[in-house]
1. Report, by residue number, each residue of the stretch 76-88 that is assigned to a strand (DSSP E or B) and surrounded by fewer than 18 Cβ atoms within 10 Å (Cβ to Cβ).
2. Does S105 satisfy the criteria of being modelled with pLDDT of 95 or more, hydroxyl-bearing (S, T, Y), part of a helix (DSSP H, G or I) and at negative phi?
3. Between a residue in the stretch 121-142 that is within 23 Å of G32 (Cα to Cα) and modelled with pLDDT under 90 and any residue that is of a type in the set (D, E) and surrounded by 15 or more Cβ atoms within 10 Å (Cβ to Cβ), which pairs come within a Cβ distance under 8 Å, given they are 6 or more apart or on different chains?
4. Please verify whether Y25 is modelled with pLDDT under 95, closer than 30 Å to T135 by Cα, open to solvent by 40 Å² or more (accessible area, probe 1.4 Å) and of a type in the set (F, W, Y), treating the condition exactly as stated.
Amino acid sequence: VTRMLAEKAPQYAIPVENLRLRNIYSLSQLPGGIFSGHGPLKEFISLWKGKGLAIEKVSTKALVHKGDLLVYIQQWSPSTLKLGKRQEFIAPDGMTIKMFHEELSKMTGIPVENISVAPLIYSSIEGISVLEAATEVEFGKVPWNDPSKVVEAPAYARDGDTILYKDNSELVTELSLQQRQELEKQNKAGKITTSYTSSRKEIALKIKLDQL
């Protein structure tokens, strides 16, 4: 696929070691799972006419195994009303909700019992807004010590989803009427506060399945 991309658009001829192929559900959503390993592409994914795939340029490749879950994590600060940078998080196959919280605690330094998460399915490129995080997102529905897998209830995480998290020990700042009105104006204008940017361009590739 990367070879065909180079033939289609030479300006995208990037060394293979700096590329990774990812699933994508919709062009408005974040890329999902990473296809790694060797073998025919059709063994890893069902392809059809118009199916979207994302080819991502990276400086270093994270080691991903078949069955691993790739989600994005993002911190919400209820005291400062700010969203942190969205980061990739690889959940090994079989990771439980409890294990996820423990790993998140190691990464952030937040005591595991103080972490509260809210999975956001169908995460868009634009990301969640401060107004949505402050007024619409429901935390606390996923107990930190739940032994269920992250892909099962109550988390139901899937590749490409964003998992918002916060420190429950933080004080909660209530939005003033003026702040709410300003955030509503930003949302209507499309100025959503996020730390994720994308310069993706859509390129059509004709793929013969019997050659993959």
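The values are calculated or read from the model by the stated rules, or taken from the named source; none is laboratory data. All figures in this text were calculated on a predicted structure; none of them were measured in a lab. Quick reminder, even Gly has a Cβ in these numbers, built from the backbone with ideal geometry, and neighbours come from all protein chains shown. Side chains are part of the model used for accessible areas, which takes the heavy atoms of the whole protein and leaves out ligands, DNA and RNA. Shrake-Rupley method; radii C 1.70, N 1.55, O 1.52, S 1.80 Å.
1. The first filter runs over the stretch 76-88 and keeps only residues assigned to a strand (DSSP E or B), leaving 76-77, 82-83, 87-88.
Matches in the stretch 76-88: S77, K82, Q87, E88.
2. Yes.
3. The qualifying pairs are I121/D161; Y122/D161; S123/D161.
4. Values: modelled with pLDDT under 95: yes; closer than 30 Å to T135 by Cα: yes; open to solvent by 40 Å² or more (accessible area, probe 1.4 Å): yes; of a type in the set (F, W, Y): yes.
Yes, satisfied.
Rundown of residues vs (1) open to solvent by 10 Å² or more (accessible area, probe 1.4 Å); (2) among the aliphatic types (A, V, I, L, M); (3) assigned to a loop (DSSP other than H, G, I, E, B); (4) touching a strand residue (DSSP E or B) at 6+ places or on another chain (Cβ under 6 Å), yes/no style:
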| site | (1), (2), (3), (4) |
| --- | --- |
| I90 | yes, yes, no, yes |
| M99 | yes, yes, no, no |
| E113 | yes, no, no, no |
| A134 | yes, yes, no, no |
| V137 | yes, yes, yes, yes |
| G140 | yes, no, yes, yes |
| D146 | yes, no, yes, no |
| E152 | yes, no, yes, no |
| Y156 | yes, no, yes, no |
